[in-house]
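Comments concern the structure below.
The values are calculated or read from the model by the stated rules, or taken from the named source; none is laboratory data. Note that the structure is a prediction, hence the values are computed from the model and not measured. Positions of Cβ are generated from backbone atoms using ideal geometry, with glycine treated the same way; all protein chains shown enter the neighbour counts. All accessible areas refer to the heavy atoms of the entire protein, side chains included, with ligands and DNA or RNA removed. Shrake-Rupley method; radii C 1.70, N 1.55, O 1.52, S 1.80 Å.
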Amino acid sequence: MKAAHIVGERRLEGNVRVSGSKNACLPILAASLLTDEECVINNVPRLSDIDTMLEIFKTIGVDSSYISSHTLKIQARSLSCEVPEQLVKKMRASIYLMGVLLGRLRRVVIHKPGGCVIGERPFDLHIKGFKALGCEISEKDGTWMLDGKNLHGTTVCLSGPHGSTVTGTVNVVMAAIKAPGRTIIESAAIEPEVIDLCRYLISMGAKIDGIGTSTLTIHGGEPLHGCEYTIIGDRMEAGTFVCAGLITGGNIEISGLEFGLLDSFLHSLRKTGANVFQNTDGTIHVQSEKPLVAIDVVTGPHPGFPTDLQAQLCVLLTQSNGNSTIRESIYPNRFMYVAELNKMGANIDHTGECAHIKGSIPLKGAHLWATDLRAGAALYLAGLCAKGDTFIHDIFHIDRGYEALESKLQMLGAKIERITVD
Ligand code: EPU
């Protein structure tokens, strides 16, 4: 088993470039199956979740290969409608095969996906969307069978108890693209990754109005063709590096992200007194000059504070002056990392959907276990600022969503390596 070994208290300095966005890339790869022509995707992040998607592609008959380190070509000349259970269970994003195969083949047999354990993650809104499009769905022993021979345009609202759904919006868009007639999706998610998917579909020949708003109008049934597309940079990776710069008292520049994708995160950090800003070319500058102060934050759907940066912010707030509160409004149970941070001496009290964080607490190295992707990233940050040696276990979670995290941190001056443990 691999673990990360970090020797803390090193100031980070220099430039780092973020990889392509995982959560934009996964739906874009899936959408490439809507045409039988070749698609070329640039800025593909090299992650285990992407490998899982490509493995699924192979088993259903899709050709894909890297033509350079971060450029993939994909061609789905013919496809099977049955997706293998073992691979689907490895990753929540395999749910995208549902919308895509429904649109292209009108028939899908797929098991319910697995993924990071961060609380309840239902699929009711996906099912609601597909049914509204005229799809008949039955379920047996955790496997869905979808029959879309009568697929047609519709109007459907995708709002749930915690707002809209990112994967649900993407899934319904991809099926609706192939459904004759006009589909209106109300309360669509407006995350940048959803926008990127819509832009990709447009470059394949799709007609979608309202991109970037919560009402999407899809003119279904247009012929789609192959295209070449470049994926946006990963805002969660960028946000993680921002926290790494601040927590180590560092001075770093982060490139590879479009301007404006992290506004609410950067705005919250500026409230702590942090010196962070983004140039119009997208470069983020992080300079740690003075101690930060406590803040209260509530996560929310875009353009709110991203839930995927909540754990990383929490670590930063353990080092700020005063007591902070984080309320998690999307995944109320997304606090499994708190117990790990408390092992390092942090004083975080987690009740319900809130974490109360006592600031200015020096952390000390410990053996820690990553429980999910973002929790794992937060533990890396804690290790970077802790006194002594930190060992992070179960780092396969990190490989799902951060490309070469250790070497990027090394280039910024961190003392970090991967080791083999029993
Ligand atoms: N929800 C429903 N019904 C549904 C679907 C979702 O009630 O049918 C609820 C969920 O319980 C949750 C909220 O709606 O409270 C948001 O769920 P959503 O569907 O938007 O999230 P997701 O598809 O599970 C994606 C990202 C997550 C990210 C969230 C929120 C992918 C593959 N995953 O997840 O990313 O946290 O949107 O922005 O794009 C990560 O990258 O670490 C990650 C977990």
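The test for being among the small types (G, A, S) and within 23 Å of S255 (Cβ to Cβ) does not hold for A375. Within region 134-159, the set of residues being in a strand (DSSP E or B), open to solvent by 20 Å² or more (accessible area, probe 1.4 Å) and not acidic (D, E) comprises I137, S138, K140, T143, M145, T155, C157.
Checked against (1) away from the ligand (no atom under 14 Å from the Cβ); (2) open to solvent by 20 Å² or more (accessible area, probe 1.4 Å); (3) among the hydrophobic types (A, V, I, L, M, F, W, C); (4) within 25 Å of the chain's Cα centre (by Cα), I361 meets all criteria but (4).
Quick one: is Q278 open to solvent by less than 60 Å² (accessible area, probe 1.4 Å), more than 16 Å from the ligand (Cβ to nearest atom) and out of contact with any Ser or Thr (no Cβ under 8 Å at 6 or more places or on another chain)? Spelling it out, Q278 is indeed open to solvent by less than 60 Å² (accessible area, probe 1.4 Å), more than 16 Å from the ligand (Cβ to nearest atom) and out of contact with any Ser or Thr (no Cβ under 8 Å at 6 or more places or on another chain). With a requirement of 3 or more residues that are within 16 Å of the ligand (Cβ to nearest atom), the helices (runs of 4 or more DSSP H) lying completely within region 1-104 that satisfy it span 22-31, 48-60.
Looking across region 281-317 at every residue that is crowded, with 19+ Cβ neighbours inside 10 Å and hydroxyl-bearing (S, T, Y), the one that is farthest from the ligand (Cβ to nearest atom) is identified as S288. When the residues of region 382-422 are filtered to those that are within 16 Å of the ligand (Cβ to nearest atom) and assigned to a helix (DSSP H, G or I), which remaining residue is surrounded by the most Cβ atoms within 10 Å (Cβ to Cβ)? So the residue we want is G401. Given the condition open to solvent by less than 40 Å² (accessible area, probe 1.4 Å), assigned to a loop (DSSP other than H, G, I, E, B) and farther than 26 Å from M1 by Cβ, answer yes or no: does some residue in region 336-355 qualify? No, that holds for no residue. Mind counting the residues in region 105-133 that are more than 10 Å from the ligand (Cβ to nearest atom), in a loop (DSSP other than H, G, I, E, B) and in contact with a helix residue (DSSP H, G or I) (Cβ under 6 Å, 6 or more places away or on another chain)? Selection size over region 105-133: 1.
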